[in-house]
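First up is the structure itself, then whatever we jot down about it.
The values are calculated or read from the model by the stated rules, or taken from the named source; none is laboratory data. For clarity, every value in this text was computed on a predicted model and none was experimentally measured. When we count neighbours, we look across all protein chains shown, and the Cβ atoms used for this are built from the backbone with ideal geometry, even at glycine. What goes into the accessible areas is simple: the full protein's heavy atoms, side chains included, and nothing from ligands, DNA or RNA. Shrake-Rupley method; radii C 1.70, N 1.55, O 1.52, S 1.80 Å.
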Amino acid sequence: MSEAPTDPVPPRLLLVGGARAVSLSVDMLEQALAQARARGLATHVTGPAEALAATGSALAAADAASPVDHAAPGATAEWARRRAAQGERFDAVFALQEMAQVAVAETAEAIGAPGNPPEAIRRIRTKDACRRALAAAGFAQPEVRLCADAAEAGAFLRESAGPWIVKPRDAMGSIGVSLLSVPAELPTALELLPDTKPFLVEEYVEGPEFSVEGAFLDGVPRVLAITAKEKVPPPHFVEVGHVLPAELPEPARNEIERQVAAALTTLGLRTGAFHVELWLTATGVVLGEVHGRYGGDWIHRMLAYAIPGLDVYGLLYDDMLAGAPRHGAPPATRGPLEAVRGAAVRYFTPPPGWLVAVEGWEEVRAHPDVLYAELTVAAGDVIRPLRRSGDRVGFLVVGAPDAAEARRRARELTDAVRFRTVP
């Protein structure tokens, strides 16, 4: 009697960087691991030892976890090479975090897994280099200058028309971003920067902001949704609301999708997710920052609601592992990748000061339209002025039949939570 055939070794997913010890990052990790398990994938998570220790509850769903610092140049790629030499094959490499994207590209190249060219990821992670590449290819871009000090920044201000934006070369979450209306405001803007490394000064772009969320499928960028953004007024640019799909006329939507797809191809991206920011100005689309990941601020939850049946991470795994042998469940059948419902996230913007009480929170959190909600302050805490994403104190994610209704309900529900503060 012949022996029954054994199951093939399941495809292995290397998830680089794990999660930061904040609710958004942990939620993304939990969903990414759950969608991998549903496809019969074995998962190995790497990240800094302290981050792994702080997110242990989410990592319980992974098959293995190893301390590797993705911020150390080449460390993850070298670790993966050593594991491969010991017989541990990785069929796909993925990361949720912005700061792990270079390590993912380097590692995928080192072990022969699907991925983006490392030079392409380095280019989009270096904001001024990305601007130069897009401008050279004919895309509308604001003038930008990489400055080492106040003297270089002042020279750029004298050579260009204001207003201007001052921001770090490599940061996220609106950290250190501010608006200059006149050159005399430069010293104040420089004080807001998080460090003394080279920084950027660029022309301010006037117009509503959007972001484009999507995934590469068979090497082709596929837009899943366009998101409308709401920010606090200048001089800071903290995002306080998102709605998808954005309510846009069809010609504008088509032009945004066309330019984003062309830009991603120009920049050399070909695998995984993307999140591209842009402005819709009086003269057309002006592209902003480009990211090789999904957007933050709970956009992953919004996408999953607006496109019923969508596994935001499983979609990427299925594409990267299209040729790998399967173990367990086959890839999920891909349904229409089009938003048929609306979703919104809105952040609370209470007045700064000592928080005395929060009223209406429990009632709002229990509302049937609320998909997810979080409050990060309590009576006795200090609410800081809203200058960066880390100053936000809570939010609601809302689902609705369409985008207009999602926007309305999100605003109505956040307004129903009252924060009583004193100076």
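Residue under question is Glu363, and the condition is that it be open to solvent by 50 Å² or more (accessible area, probe 1.4 Å), closer than 30 Å to Pro249 by Cα and either part of a helix (DSSP H, G or I) or out of contact with any Cys (no Cβ under 6 Å at 6 or more places or on another chain) (or both); does it hold?
no
Being surrounded by fewer than 20 Cβ atoms within 10 Å (Cβ to Cβ), over 15 Å from Ala344 (Cβ atoms) and touching a Lys or Arg at 6+ places or on another chain (Cβ under 8 Å) is the filter here, so list the residues in the stretch 239-269 that pass it.
If the condition is that a residue be surrounded by fewer than 20 Cβ atoms within 10 Å (Cβ to Cβ), over 15 Å from Ala344 (Cβ atoms) and touching a Lys or Arg at 6+ places or on another chain (Cβ under 8 Å), then Gly268 is the only one that fits.
Take the residues in the stretch 72-92 that are open to solvent by 50 Å² or more (accessible area, probe 1.4 Å) and not in a helix (DSSP H, G or I); name whichever of them is nearest to Leu316 (Cα to Cα).
Arg89
Confirm whether Glu230 is more than 21 Å from the chain's Cα centre (by Cα) and surrounded by fewer than 20 Cβ atoms within 10 Å (Cβ to Cβ).
When the stated conditions are applied, Glu230 does not pass them.
Answer with yes or no whether Ala406 is among the small types (Gly, Ala, Ser) and in a helix (DSSP H, G or I).
yes
How many of the residues in the stretch 107-127 are surrounded by fewer than 17 Cβ atoms within 10 Å (Cβ to Cβ) and at pLDDT below 95?
Of the residues in that region, 1 qualify.
Provide a single number: the residues in the stretch 333-360 that are among the hydrophobic types (A, V, I, L, M, F, W, C), surrounded by 14 or more Cβ atoms within 10 Å (Cβ to Cβ), at pLDDT 95 or above and more than 17 Å from Ile383 (Cβ to Cβ).
Number of matching residues: 4.
For the stretch 219-233, give me the residue count where each residue is within 15 Å of Thr265 (Cα to Cα) and either among the aliphatic types (A, V, I, L, M) or modelled with pLDDT under 95 (or both).
Total satisfying the criteria: 2.
Would you check which residues across the stretch 229-248 are of a type outside the set (A, V, I, L, M), outside any strand (DSSP E or B) and in contact (Cβ under 8 Å) with a residue 12 or more places away in the chain and list them?
Result: Pro234, Pro235, His236, Phe237, Pro245, Glu247.
Take Val223 and tell me if it is more than 26 Å from Arg20 (Cβ to Cβ), under 16 Å from the mean Cα position of the chain (by Cα), open to solvent by 20 Å² or more (accessible area, probe 1.4 Å) and among the β-branched types (Val, Ile, Thr).
yes
Taking the condition of being under 14 Å from Gly342 (Cα atoms), open to solvent by 20 Å² or more (accessible area, probe 1.4 Å) and not in a helix (DSSP H, G or I), how many residues in the stretch 294-309 meet it?
Of the residues in that region, 1 qualify.
I'm trying to understand the selection: among the residues of the stretch 210-220, which are open to solvent by 10 Å² or more (accessible area, probe 1.4 Å) and either assigned to a strand (DSSP E or B) or hydrophobic (A, V, I, L, M, F, W, C) (or both)?
Phe210, Leu217, Val220
Looking at the stretch 24-57 only, could you name the residues that are more than 15 Å from Phe94 (Cβ to Cβ) and part of a helix (DSSP H, G or I)?
Leu24, Val26, Asp27, Ala49, Glu50, Ala51, Leu52, Ala53, Ala54, Gly56, Ser57
Restricting to the stretch 409-419, name every residue that is open to solvent by 30 Å² or more (accessible area, probe 1.4 Å) and part of a helix (DSSP H, G or I).
Of everything in the stretch 409-419, those that are open to solvent by 30 Å² or more (accessible area, probe 1.4 Å) and part of a helix (DSSP H, G or I) turn out to be Arg409, Arg411, Glu412, Asp415.
Okay, residues lined up against (1) in contact with a helix residue (DSSP H, G or I) (Cβ under 9 Å, 6 or more places away or on another chain); (2) more than 30 Å from Gly314 (Cα to Cα); (3) open to solvent by less than 50 Å² (accessible area, probe 1.4 Å):
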{"site": "Ala105", "(1), (2), (3)": "yes, no, yes"}
{"site": "Ala129", "(1), (2), (3)": "yes, yes, yes"}
{"site": "Ala133", "(1), (2), (3)": "yes, yes, yes"}
{"site": "Glu143", "(1), (2), (3)": "yes, yes, no"}
{"site": "Ala151", "(1), (2), (3)": "no, yes, no"}
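Within the stretch 128-163, restricting attention to residues that are touching an Asp or Glu at 6+ places or on another chain (Cβ under 6 Å) and hydrophobic (A, V, I, L, M, F, W, C), which residue is modelled with the highest pLDDT?
Leu146
Consider only pairs whose beta carbons are under 8 Å apart and that are at least six residues apart or on different chains; among these, list those whose first residue lies in the stretch 58-81 and is free of Cβ contacts under 8 Å to residues at least 60 places away in the same chain and whose second residue is in a loop (DSSP other than H, G, I, E, B) and open to solvent by 70 Å² or more (accessible area, probe 1.4 Å).
Ala75/Asp69
Quick check on this structure: which one of Leu310, Leu287, Leu269, Leu315 is within 12 Å of Phe210 (Cβ to Cβ), in contact with a helix residue (DSSP H, G or I) (Cβ under 9 Å, 6 or more places away or on another chain) and modelled with pLDDT of 95 or more?
When all the criteria are applied, what remains is Leu287.
Among the residues of the stretch 249-282, count how many are outside any helix (DSSP H, G or I) and touching a residue at least 24 places away in the same chain (Cβ under 8 Å).
Number satisfying all stated conditions: 16.
With the structure loaded, tell me whether Ala95 is open to solvent by less than 10 Å² (accessible area, probe 1.4 Å) and either among the hydroxyl-bearing types (Ser, Thr, Tyr) or touching a His at 6+ places or on another chain (Cβ under 8 Å) (or both) or whether it fails that test.
yes
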